[in-house]
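The values are calculated or read from the model by the stated rules, or taken from the named source; none is laboratory data. This is a predicted model, so every value here is computed, not measured. All Cβ positions, even for glycine, are placed from backbone atoms using ideal geometry, and neighbour counts span all protein chains on display.
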Amino acid sequence: MAGDTFLTIEEPSQGLYKDKGSKFIALAFPVEAEEQISEILAAVKKEYYDARHHCYAWIVGLSREHYRLNDDGEPSGTAGKPIHGQLLSAGLTNVLVVVVRYFGGIKLGVRGLIDAYKGATADALQNASIIEKIIQENYQLDFDYLSMNEVMKILKDNDLPQADHQFDLRCRLRFSVRQSMSGQIREAFGNIVGLQIKRLDPD
């Protein structure tokens, strides 16, 4: 993979693991930012309010630097860690997995719990549609109408998506470019006299 791509899941998926009467339901969600995670967790806890545990792990960010594990009352290291391990094994980021446990009356022991949370997560990820996403950067151009042909040639030659056109004596438009190409594109536009280019913050 290029340095500006990452693997994630396209849409929510579900997995299941059963052992000695206990049922482990794994729910995997694509997430873009940490802010979404608390909302999803609250919704899962509300839907599965009668479950004994709601354990989870998530990873966000291209280099997988932002992550969290939670055992939610299970013995330390038996739930969040195996969930997180499955996300790492699959090479995924921007994913939250919550495993909901319904207790069956028989304790599974440390090894049994690790296998259960790992197995439920693996099943959910196996059922997911894994996709490769490209990191895009968004820019705004301001330029003179006389530079229109030069601007449009760069956009067309590099197949760059455009939006929000305003054409007058002074023109403005927005475009997006994959992160690995942004340097050469900025350089190309930098050769156009009077053109201003500004990077826009992500939505």
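A quick yes/no check of all residues on (1) loosely packed, with under 13 Cβ neighbours inside 10 Å; (2) in contact with a Phe, Trp or Tyr (Cβ under 7 Å, 6 or more places away or on another chain):
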site	(1), (2)
SER38	yes, no
LEU41	no, yes
HIS53	no, no
LEU62	no, yes
ALA79	no, yes
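Do you know which residues across the range 126-154 are assigned to a helix (DSSP H, G or I) and either under 19 Å from GLY77 (Cα atoms) or touching a strand residue (DSSP E or B) at 6+ places or on another chain (Cβ under 6 Å) (or both)? Selection gives TYR145, VAL151.
Of everything in the range 128-157 that is among the acidic types (Asp, Glu) and over 13 Å from LEU195 (Cα atoms), the residue that is nearest to the chain's Cα centre (by Cα) is GLU132.
If I filter the range 82-93 for residues that are assigned to a strand (DSSP E or B) and under 21 Å from the mean Cα position of the chain (by Cα), do I get at least one hit? There is at least one residue in the range 82-93 that is assigned to a strand (DSSP E or B) and under 21 Å from the mean Cα position of the chain (by Cα). Going through (1) outside any helix (DSSP H, G or I); (2) modelled with pLDDT of 95 or more one by one, LEU62 falls short only on (2).
Yes or no: SER129 small (Gly, Ala, Ser) and within 28 Å of PRO30 (Cβ to Cβ)? Yes, satisfied. Within the set ILE40, ILE83, ILE114, the sole residue that is modelled with pLDDT of 95 or more, in contact with a Pro (Cβ under 7 Å, 6 or more places away or on another chain) and hydrophobic (A, V, I, L, M, F, W, C) turns out to be ILE114. Residues in the range 158-172 that are within 28 Å of the chain's Cα centre (by Cα) and assigned to a strand (DSSP E or B): GLN162, ALA163, ASP164. Screening the range 94-110 for residues that are part of a loop (DSSP other than H, G, I, E, B) and among the small types (Gly, Ala, Ser) and picking the one that is farthest from VAL60 (Cα to Cα) gives GLY105.
Inspection of the range 183-202 identifies no residue that is within 24 Å of the chain's Cα centre (by Cα), within 21 Å of ILE135 (Cβ to Cβ) and surrounded by 14 or more Cβ atoms within 10 Å (Cβ to Cβ). For the range 92-118, residues that are over 30 Å from GLU32 (Cα atoms) and of a type outside the set (D, E, K, R) total 8. Quick check on SER176: is it closer than 22 Å to LYS133 by Cα, of a type in the set (Ser, Thr, Tyr) and not in a strand (DSSP E or B)? In short, no.
Filtered by the rule that a residue be closer than 12 Å to LEU69 by Cβ and either out of contact with any strand residue (DSSP E or B) (no Cβ under 8 Å at 6 or more places or on another chain) or surrounded by fewer than 24 Cβ atoms within 10 Å (Cβ to Cβ) (or both), the range 88-102 gives a lone residue, LEU88.
Looking only at the range 97-109, residues that are of a type in the set (A, V, I, L, M, F, W, C) and at pLDDT 95 or above come to 4 in all.
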